[in-house]
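A quick write-up on the structure given underneath.
The values are calculated or read from the model by the stated rules, or taken from the named source; none is laboratory data. Please read all numbers here as calculations on a predicted model, not as lab measurements. Because the Cβ atoms are built from the backbone with ideal geometry, glycine has one as well, and the counts that use them run over all protein chains shown.
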Amino acid sequence: MTAELRDPSPRTDEDVLLRLEEVVKYFPVTSAKVFRGKRDHVHAVDGVSLDVARGKTIALVGETGCGKSTLARCITRLYDLTSGKVVFDGEDISNHSRRRLRPYRRKMQMIFQDPYGSLNPRRRVGSIIADAFTIHGVAEGEERKAKVQELMELVGLNPEHFNRFPAEFSGGQRQRIGIARALALHPQLVVCDEPVSALDVSIQAQVINLLADLQDELGLTYVFIAHDLSVVRHVSDRIAVMYLGRIVEIADTDDLYARPRHPYTNALLSAVPVPDPDVASRRERVLLVGDVPSPIHPPTGCRFHPRCPRAQEVCAVEDPVLSLQQGDRTGHAVACHFPLTDGEAHA
């Protein structure tokens, strides 16, 4: 039985900028079975449905390998979908060619995780940021230079440094260059793929505050990807928790932190560091046993059941549906046969 994993939040079409409908992305892998007529696949994203409201931030969280970054590249159509739909601003762009996607590239942009690897070290930052203007024929000459300097000033960089190379900037400054490049064409949607995970903690706060200020000033919509729940709490309106290619819980941020329902969410929250040593000593850490199952051959039933402390027989055979729990607020859904109650959450 395959669960229909849908975002239950009630929204009108006018409120929704991005809608994902049962998005699936598999990657073929080479194995001995290929020679026997059968090919294995990595189930990177497996049936994700999600609504992203205009002007809001939704965070995708989960441990490494759960499919967050793959889903980000499906959203921006850097990857072709195996199946499902990506609906952007009311238009189904799932099967658009590169030519038909061109106008949508201006409306959705991406900030990458590595500020070192995402910038060409042989090019000056001014030309890196100006690429968007050149490709789309927006500006040239002195007008293009003025726009580049305006963007650099917007993200907190000295506009006089547009002729420098990326190596002449710090990690936080390089990420600001990446943000300026993403904002060049005034997009509606920005997908942030772990934009602060490669930065020092002190710099993380600066970049997060910058993203928040830009959202207020420009009316941006964010899909914010992270594995650190202490980071997303300060930037997101809603949080979707992913495990092995699927969303296992989704809720408004405050509601998720106050009342986690899925055992996996509870384990993630219990691992968030607490600055008060007295509070930390009283917390009960939830330790998960075993390793993450292979995404090539995911478990039957609930994908979390081999590591779940609450698993029972039904969990191994029946896939739980992402659904609302009695007494929870509208929009808080969990895919679990035996969700936690308020008194059982340790985070």
task: Considering only residues that are out of contact with any Lys or Arg (no Cβ under 8 Å at 6 or more places or on another chain) and in contact (Cβ under 8 Å) with a residue 60 or more places away in the chain, look in region 298-316 and name the one that is nearest to Leu60 (Cα to Cα).
output: Phe304
Every residue from region 311-327 that is farther than 15 Å from Val241 by Cβ and either at pLDDT 90 or above or buried (at least 17 other Cβ atoms within 10 Å of the Cβ) (or both): Ala311, Gln312, Glu313, Val314, Cys315, Ala316, Val317, Glu318, Asp319, Val321
Cβ pairs under 7 Å, 6+ apart, first in region 126-139 and over 16 Å from Arg99 (Cα atoms), second polar (S, T, N, Q) and surrounded by 13 or more Cβ atoms within 10 Å (Cβ to Cβ): Ile128/Asn120
- request: Check region 95-109 and report whether any residue there is assigned to a loop (DSSP other than H, G, I, E, B) and of a type in the set (S, T, N, Q).
  value: yes
- prompt: If you take just the helices (runs of 4 or more DSSP H) that sit entirely in region 179-274, which of them hold at least 3 residues that are without any contact (Cβ under 8 Å) to a residue 24 or more places away in the chain?
  reply: 201-218
message: Looking at (1) free of Cβ contacts under 8 Å to residues at least 40 places away in the same chain; (2) over 30 Å from His43 (Cα atoms); (3) surrounded by fewer than 21 Cβ atoms within 10 Å (Cβ to Cβ), which one does Arg123 not meet, given that it meets all the others?
response: (1)
Subset of region 258-290 that is of a type in the set (Ser, Thr, Tyr) and modelled with pLDDT under 90 - its residue that is nearest to Ala226 (Cα to Cα): Ser270
- line: When restricted to Leu78, Leu50, the only residue within 30 Å of Tyr264 (Cα to Cα), modelled with pLDDT under 95 and surrounded by fewer than 19 Cβ atoms within 10 Å (Cβ to Cβ) is Leu78
message: So if I check each of Gly84, Gly90, which one is loosely packed, with under 12 Cβ neighbours inside 10 Å, under 28 Å from the mean Cα position of the chain (by Cα) and in contact (Cβ under 8 Å) with a residue 40 or more places away in the chain?
response: Gly90
